Every structure is written in structure tokens, then in C-alpha cells.
1. Can you name the residue in the stretch 216-231 that is buried (at least 18 other Cβ atoms within 10 Å of the Cβ) and under 25 Å from the mean Cα position of the chain (by Cα) and is also nearest to S175 (Cα to Cα) among such residues?
2. Output the residues belonging to the stretch 646-675 that are over 22 Å from V593 (Cα atoms) and in a strand (DSSP E or B).
3. Does D698 qualify as being surrounded by fewer than 20 Cβ atoms within 10 Å (Cβ to Cβ), farther than 19 Å from S172 by Cβ and either touching a Phe, Trp or Tyr at 6+ places or on another chain (Cβ under 7 Å) or not aliphatic (A, V, I, L, M) (or both)?
4. Residues of the stretch 106-163 being of a type in the set (A, V, I, L, M), closer than 23 Å to G489 by Cβ and not in a strand (DSSP E or B), which ones?
5. Looking at the stretch 228-239, I want the residues that are in contact (Cβ under 8 Å) with a residue 24 or more places away in the chain and closer than 11 Å to S214 by Cα and have a partner that is assigned to a strand (DSSP E or B) and charged (D, E, K, R) with Cβ atoms under 6 Å, at least 6 apart or on another chain. Which pairs are those?
6. Out of T463, T468, T506, report the one residue that is at pLDDT below 90, out of contact with any helix residue (DSSP H, G or I) (no Cβ under 8 Å at 6 or more places or on another chain) and in a strand (DSSP E or B).
7. Tell me which of these F387 doesn't satisfy, since it passes every other one: (1) over 17 Å from A363 (Cβ atoms); (2) over 28 Å from the mean Cα position of the chain (by Cα).
8. Count, please, the residues in the stretch 416-437 that happen to be part of a strand (DSSP E or B) and surrounded by fewer than 16 Cβ atoms within 10 Å (Cβ to Cβ).
Amino acid sequence: MTKRLVLSAIILLIISYNAIAEVPEILIKPTNEEYTRLSTGLAGSNISIITSDQLSLRKNDNIQKILEDYSGIEIRKYYGGIENVKSGIDMRGFGEASISNVLVLLNGNRLNNIDMSSVDLSNIPLESIERIEIIRGGSGSTLYGSGAVGGTINIVTKNSSKESSINSSYGSYNSLSGEILISRPLNENNSILLSSKMIETDTFRNSADYKNESYLLNLSNIQEGFKINLDITTSSIEQQLPGPRVIGGVYNYHFCNLYGDSKTNRNIGGYSHFDHPEGAEYGRTAERCNTAKRVDYADSESNSYNGGILYTIDELNKLQFNLGYKDKTEKSFYGANANTATTSASGDRYSKTDVDGNLFNLAYENKFIEQSHTNSLKIGYDFTHSFYNSNRHRKEDEAVGHFYDADIKSEGIYFQNTAYINDISTAISFGVRSEDNYFKGRDTVDRNVSGFASIYSAQDHSTYNNKTSNTAYNLGIDNRINENLSFYGQYSAAFRIPNIDERILTKDYANTGVNGDFILKDQESDGYEIGLRYENMGLSLNASFFDIETTNEIQYNQSVNANLDPIKREGINLDFNNNLDSNTRINGSFSYVNAEFTSGELSMGTSSYLYDGVRYYTGSETYGYLTETALNFMGSDGTENQVFSLAGKKVPLVAPIKVNIGLERELINEYELLIDLSYVDERYVSNDQENVEPKMPDYYLVDLYVNNNNNFYDISFGVNNLFDEAYYDFAISSVFHDDAHYGTRNVYPLPGRNFFVNLGYTF
């Protein structure tokens, strides 16, 4: 209650201050509407541009945290940590599948992986970024293809500048990060930009250390008519995964405690692990909790190489060519015991996965200019080809017992045309994309390897081979009503193909044999959005209403992935910036989304049996006694293969309301105060499509920063989670709604109050 009163007081103070403020002097120029149009070619879309000037004020932040300030965007921090590492971006309320429904680009090149792993943006230095383009909704599918259903994030890096910089920071949990940016012209035609970033942190939980070393190199050659770019990125990550905290259930126990380590003793109700009525070893091993041992982990090394040529034929015609290659190797262990050398667990505990692929893009741009209007046309061809190989072991030093390999290919053609009329006060866009996707996968099991015969019932699984074709299109209009007010609207159809991890987990191997049928339908969506923009005297507002309907939406369903449809999302996005005076700026965002199933059915169990007068049903590896709640929608007798209606049920992990408010105030001696307030509403946990589990609690966060605005050096310090809120933004419920598991969820807690200091120098 105290925190909410303080927050309310701050907000009221800001509002009252705004009411009596004089006509402001612009502190940061609002995003220009014409620039938005011209940079994307997607008139009518709800687009925000984050400029390098805005980023310069947030040197202590990372990309994820900055994005979270904007409407319609939620950052889900699956593994916790203070650097937002391994985070997923959710746009427009896609919940657990958000990673695959938001497309992330670096200089127009796709960063999304063909597996379920999120794009780690924490390794991109802010100093290397020219701008970030946020495209809400599915209109980006026309230009970029699969995965841009909820939205598109395009990060555009600087080619070069005359400034170089060095930054380092230290914070709570022995968190250390450093950035070096060297940007120099080599001669009249050539320039180089080299950046390096290192992150190392113990995090706030034991057995959760994180290390990341990344590098970005850009070489640019500009001559008459030609611009040649070479981008090379590399990253090496060591990520320990301490596992979730288990709460709820018949004993309402915690797996250790909420923060799961010896560093803090905070709980959200229930027992600590060692106070469990059944003893310290009930359900989980003690080693996971208070140990320095390396338990579960997901290490990866990745590289990407992209070369591009932009040929300016003349003032009105351009030809662009891009060629790229990227590879990733990931080593993961998910064990039932903390010690990989002694574990006797069966099945896929250790995996070594190699993913590599290449891409080819060709695009032609034409501008037609007359006195009354201008027309911009872009025609392109995209080709990608990826290979996936995953060896699964019981532990690292044992033979491979399970093997996946896949060949994934896509090719698409598109055009995007935008007409600007009446001195560009009106813009009309239309675009179409046609794309073919090819998938060939194989799932092989060697039951002669120890630990695999008892899990898998099939020796080998036949190869699955298919081809799908999809179409994306958009139609949009942008109209400047007067000097200050603009109207925009767009309709778009988008799609996404299943990623390899979703295809792998499509059948329950306990009942159907090998866990890897691969069969999932492509997801499709269509939606519209209408909105208004207002800019005047340092004030900018952007408000919109959207509606999206998806069919064959891919979601985690009980213990497997499945197509659940249809799903409807509608909501409101509001962003504003207001320069209260020459020294003070307020910005904020409000998001409302209602994501729910409109029809469809969900199966509770694939098989069941009767024992001693009690009906049991099988899940993946466990059996559970059905409660009255479960029986209510399975049938009075609990017979097998019972279903219940999804109509009206809310999509898990989607918070209906999200609010962000930021206050920036210049202080004395070139220092600036930044206060960020955020609120995230309660929502259902993952895997609870039936909406019978207790919701995840809502939470408030307040962050406080002080930055130095000197042109040459930067000194900043701050406090995250000022009021020490105990919270989490990801949890998954038990598949089994029985007496022992009903209300049980795996919780991934997030940091309490933590501190940092940052030092930087520009030269």
C-alpha cells in the first residue's frame, strides 16, 4: 500500500506540474512523421523511432529496458538477471509464443533463430546504434516474411562517426560490464566501426552465473554510386540455469525459497524447501539451491557475416544486394541431479546443437517524382537455407541416444509501394509477399544406448517432409489533417512457420512413441489498426486501437505444442512525450490488450485408466488423480480424451494492462535525474489455457537514475526496483490438475533492489 501511495503522489505531482507549466522549450525533438514513413515505406502502421540522441540519455540501460518503455511491448525475462539477458519481446499479447511472433532485425537482417531461443539484445552496445524502428502489428511481414505477426524491431547501427567511446559499469551481484566503441574514417572512402561488449554477473541466485563476450565490426566503403558494407558479429555466452521456484500445490512449498539461494531469504508465502513437511529432499535435490556447482546451463557461441552492396543507379533508382551466413553452437544440460558426472537420469539431459544457415536478398527501389505526388516502389527477393543438428545424451561423456536433424528453406518475393500526395501530407501504401517454406526433419533414437530404451518405444522415426505456401499483404494510409494532427490506419495479413523446437515437441512420447512428429500447421493472422498522432510545442501523442485474429496459432498445450485457434486480440496503445520546460520532460505509455480464444477445444488427457475405483490419466511421465475441478470439464466419470471449450478463455502470460511513466529532469552541473515507473497487471500462468489456476500477481516497479550529460565523459548511477518488489513475470503451471499438483507453478523470480554505477568517456 505504501508503494502505491508513493507512486500515486509522484504521478499527481507530475500532472500538477504539467498543468501550470509555461510554454515549453523542446528538450528532445519528437519523432517526425515524414521520417517514419520514408524510413520504412509502411504508411498507416503504428511506428515509433528511437533516435541515437534519445539513446544517449540511457547509457546505463540495455535495449530491452528501453523498448519496454513503449506501448504494446513487454519484456519477459525467462531466466532472471539484471541485464535482461535471454529475454523475450512480446508485442500485442502473444504470451509464451511471443519470441516467435516478434521479428528482430539488425540492419534489416533477421536475428531470430530457427529454434525457440530468444534474440539476446544485451550484447549490442547502445553507442553503436543509429536508431531503433518499432513497427507494431503484422505489416512488417510483407517486407521481412515469417514471424512479424505481433511486430518488428529493426536495429540500425552507425556506419561510422568521428567519435569513439569506452564505458564500464559495476553493480549488485558482482555485475560487471564494459563497452568499447571505435569509429573512425580510414580515408576519404573507407571507414570502420568496431565495438566490443562484455557482461559478467553472478546474478541474485546461486548457480545462475552469466558471461557474455560479443563483438561487432562494420567496414564501409562509399564511392560514387556505390556503398559497400560488411557486418561481422560474434558472441560467446555462458548461462547457468538455476531452475524455477516451485510454489503452490497441496503443500504450498517453495523450491528453496523465492530467490532460491543463500544470498537472500525472501519468500512469497508457503514453505521453504528445507521446511517441507516431507523433508528436504522432497521432489527436488538440495544441490540446486545453495551450491556453487554448475547445475543446468545453456552455453552458446554464434557468429554472423553479412555483406551488402547498395548501387545508386541514379537519383531515382537503387539496387541492393545482401549475402549472409550465420552459425550457432549450443550446449545445454537439464538434469535431475546437480552433478552431471553421477546422474543416472534417463533421456535427453545433455544436448549439443549446431545451427547454421545462409541468406540472400535482392531488392530494387524506384522513386517517381512529379509536382503533385511522389511514388516509392520496392521489389525484392529473399532466400534463406538453414540446417539443424542436435545430439541428445544422458550426459556429456556418454553416447548419443537421440538425434534430430532438419533442413529448412524459404524463398519469397514481394513488392511494397507507397504513394505520397499533396506535398507528402498523405501517404498510401500497399504491399504483397508470396513465400514458400520447405521443411525436412528426422527424429532418430538408439534404444541400445543406456537410459533411452525405457523412454522411447520406437527405434527410428521416419523422415517428415513438407512444403507450405503463404501470402502476406498490407494496405495503409497516413494523412496529415492539419499542422499538428495526423490520422493513420492499416490492414495487414501475416504468417509464421513453426520453429524447429515447436516441431520437435508435437507429440507426447509417453503415449505416441518418439517425441518428434514435426507436424504443425503454419500460423496465419489478419488485423487492422487505426490511430491518431499529435505534435505541438514539445508535446507528442500517439494513440491507436488494434484488432488481430489468428488461426492455427502455435501454443504450448499441456505437455506438447499444438495449433489452437482461433484467437482474437484487441486493445489500445498510447504513447506520449511532453517537454514541461527547458529542463524537464515526461514520457509514458499505456497498453491494454484483451487476448482470448473465440472457439476451439482443449484435450485434458490422451489416455487414462481405472485403478482401484479411481480414474487416472497419463501425461508425459507422471500420473495424477483427477480433482473435482478437472472432472468438471473432463466428464463426470473422467473418461479418456475428454475436452472442454476454449471459447472465452484468456491467453496465458498476457497482462491486460501495462503502464510506463518516465520523468527526466536536468539538475545542476550537467547532471540529469531519470525516474521510471512501471505497472504490469496480473495474468494467467503459462500452460493454463483453461484459466483454472491462480493468476500471477501484478507488480509495480520504480527505477531511479542519475546521469551526467557532459559531451566527453559520463558518470551515472542508479537503483533498480527501488522499493524491493518481490515479483516474477514468467511462470508455468503443472500439466496435472490433481490433488498434489493443482495450483502448482514453476516460478522464475526476478531481482530485488539492486545498484549500479557507470563510467564512460567519449574521445
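The values are calculated or read from the model by the stated rules, or taken from the named source; none is laboratory data. What you see is a predicted model, and the numbers here were worked out from it, not measured in a lab. In this analysis, Cβ positions are derived from the backbone assuming ideal geometry, glycine residues included, and neighbour counts consider all displayed protein chains.
1. Residues of the stretch 216-231 that are buried (at least 18 other Cβ atoms within 10 Å of the Cβ), as a first pass: 216, 218-220, 229, 231.
Narrowing the set further to residues that are under 25 Å from the mean Cα position of the chain (by Cα) leaves 216, 231.
Working: L216: 22, D231: 29 Å.
Once the filter is applied, the top-ranked residue is L216.
2. Initial filter on the stretch 646-675 (over 22 Å from V593 (Cα atoms)): 663-675.
Across the stretch 646-675, the qualifying residues are L663, E664, R665, E666, Y671, E672, L673, L674, I675.
3. Values: surrounded by fewer than 20 Cβ atoms within 10 Å (Cβ to Cβ): yes; farther than 19 Å from S172 by Cβ: yes; either touching a Phe, Trp or Tyr at 6+ places or on another chain (Cβ under 7 Å) or not aliphatic (A, V, I, L, M) (or both): yes.
Here the answer is yes, as D698 does meet what is asked.
4. First pass over the stretch 106-163, keeping only residues of a type in the set (A, V, I, L, M): 106, 111, 114, 116, 119, 121, 124, 126, 129, 132, 134-135, 143, 148-149, 153, 155-156.
With the extra rule that they be closer than 23 Å to G489 by Cβ, the set shrinks to 134-135, 143, 148-149, 153.
Selection gives L143, A148, V149.
5. S236/E213; S236/E301
6. Numbers: T468 fails: at pLDDT below 90; T506 fails: in a strand (DSSP E or B).
Residue meeting the stated conditions: T463.
7. (2)
8. Step one: filter the stretch 416-437 for residues part of a strand (DSSP E or B), giving 416-421, 426-437.
In the following step, the residues that additionally are surrounded by fewer than 16 Cβ atoms within 10 Å (Cβ to Cβ) were identified as 421, 434, 436.
Of the residues in the stretch 416-437, 3 are part of a strand (DSSP E or B) and surrounded by fewer than 16 Cβ atoms within 10 Å (Cβ to Cβ).
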